[in-house]
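What follows is a set of notes on a single structure, which appears directly below.
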Amino acid sequence: MRLKDIFFVVYTAVLTFSVLYSPQPLLPVLMKEFGVDKSSAALITTVTMLPLSLSPIIYGFILEKLTARRVMFFAISILVVLEISIYFINEFYLLIFVRLLQGFLIPGVLTSLMTFVSMASEKSLIQRVMSYYIAATILGGFLGRFISGLISKLFGWRYGFLILGFSLAISFVLLFFISDYKIQVKDRITLKNAMNVIKTHPFLNIYITIFCTFFVFAAMLNFIPFRLKEISDNVSEFIIGLSYSGYVMGIIVSLFSMLLIKFFKSEKKVILYGLMIYLISIPIFSVKSISFIFFAMFVFCTGMFTVHSIASGFLNKLAISNKGIVNGLYVSFYYTGGVLGTFLPGYLYKSSGWNAFLILLSALILIGVGSAVQIRQPHS
């Protein structure tokens, strides 16, 4: 994989994830701006993730017919226009509609990037290059939240969307300079083949594990701004954005994922250890202290991104054919968990409190552990 291709993948992944998550620290501000309640404000994240749970499968099929580069030309160009348009929006439900449209385009970019990495890399290097991609997505998730919180504090919430839109336009320009790869189709691509991928061991166990993992992650990160406001009403959107600093652990973990696999001699073991760290972090969030929540976020992100960085690379290492569908299904399971996590636990939080919310998240992690235990590590 050439250096300019790697730069494009990293830059575009950072910006795409920034688009996805930048509204999150602004939810309390947007709630007041548009005069809506907590559950309605949470929809700003939920509606964008909703198409992400289904669209990647469709894009997976498309990527068997078209090159990843052509799909990204379409998706990124429209995504830029929509992101800039948010600057001018004054109606809440128009904002929700634009975010929904973005949700149909973001999986086109993400599935194309994963497929691009898979096709452009030698099999022996896929795990390493995929780790760089995961690190870029983690960085994008953090920067999107942190910078939007900072810009909102300094200039107002609208300017974050404007700056992000113009930054993403650079990705569109970079598309003219990257290599073009098309999946070599060895089998006829049908819905039956997609179902066969799901049934193929250990794909299904990996998909279930990542579903549970991201359900918990999306839930925590979507409702932590409201929890911080409960602890102290003086918490600003900048401090909320800063609370996501634990993301840096994800970058470190993803970059060192190959060393973890070599040390533990198995992707399965690393995934299980990551889930254990994830589970241990949950009780720390019960302490009514902003400092403890900052600390808990570091432990929490370490566990989550250990699972994610290893699972995604492991999946691509195992995939011999139908890589577009394999990656599309991974993103679909990932974001289906995310969609449900961004709003369902909120009802329990509202009715039974924060500790009940944490118990639910712990239960989901344990389901993920149960699925990961059943993964049979194939021989090299």
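A short reminder: the numbers here are calculations on the coordinates, not readings from a lab. All of these numbers come straight from a predicted model, not from anything done at the bench. Reconstructed Cβ throughout: ideal geometry from the backbone, glycine too, with neighbour counts over all protein chains shown.
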| query | For the chain, what does -39500 (n - 2.57) per DSSP helix run (n ≥ 4), summed and divided by total residues, give at 222 nm, in deg cm²/dmol to the nearest 500? | reply | -26500 deg cm²/dmol
| query | Tell me, what ³J(HN,Hα) does each residue in the stretch 156-173 have, in order and in whole Hz, if you take phi through Karplus 6.51 cos²θ - 1.76 cosθ + 1.60 with θ = phi - 60° and put x for Gly and Pro? | reply | x, 5, 5, 5, x, 5, 5, 5, 5, x, 5, 5, 5, 4, 5, 4, 4, 5
| task | Over the stretch 3-373, calculate the relative contact order: mean separation of alpha carbon pairs under 8 Å at least 6 apart, over the residue count, as a percent. | result | 29 percent
| query | Sorting Phe146, Phe292 on the 10 Å Cβ count, fewest up front, what's the list? | reply | Phe292, Phe146
| Among Lys38/Lys288; Lys192/Lys265; Lys192/Lys268, which pairs are too far apart, with a Cα-Cα distance over 23 Å? | Lys192/Lys265; Lys192/Lys268
| For Ile89, residues with placed amide H under 5 Å, excluding near neighbours | none
| task | Quick one: dipole size for the chain, taken about the Cα centre, charges +1 on Lys/Arg Cβ and -1 on Asp/Glu Cβ, in debye to the nearest 20. | result | 940 debye
| note | If unit charges are put on Cβ atoms (+1 for Lys and Arg, -1 for Asp and Glu) and the dipole of the stretch 3-373 is taken about its Cα centre, the option from Leu30, Ala136, Val117 lying farthest towards the positive end turns out to be Val117
| field | Ranking of Cys212, Cys301 by count of other Cβ atoms within 10 Å, fewest first | value | Cys212, Cys301
| note | Answer check: the stretch 277-364, Cα atoms, Kirkwood Rh, Rg/Rh ratio of 1.07
| query | Order of Trp157, Trp354 from fewest to most other C-beta atoms within 10 Å? | reply | Trp354, Trp157
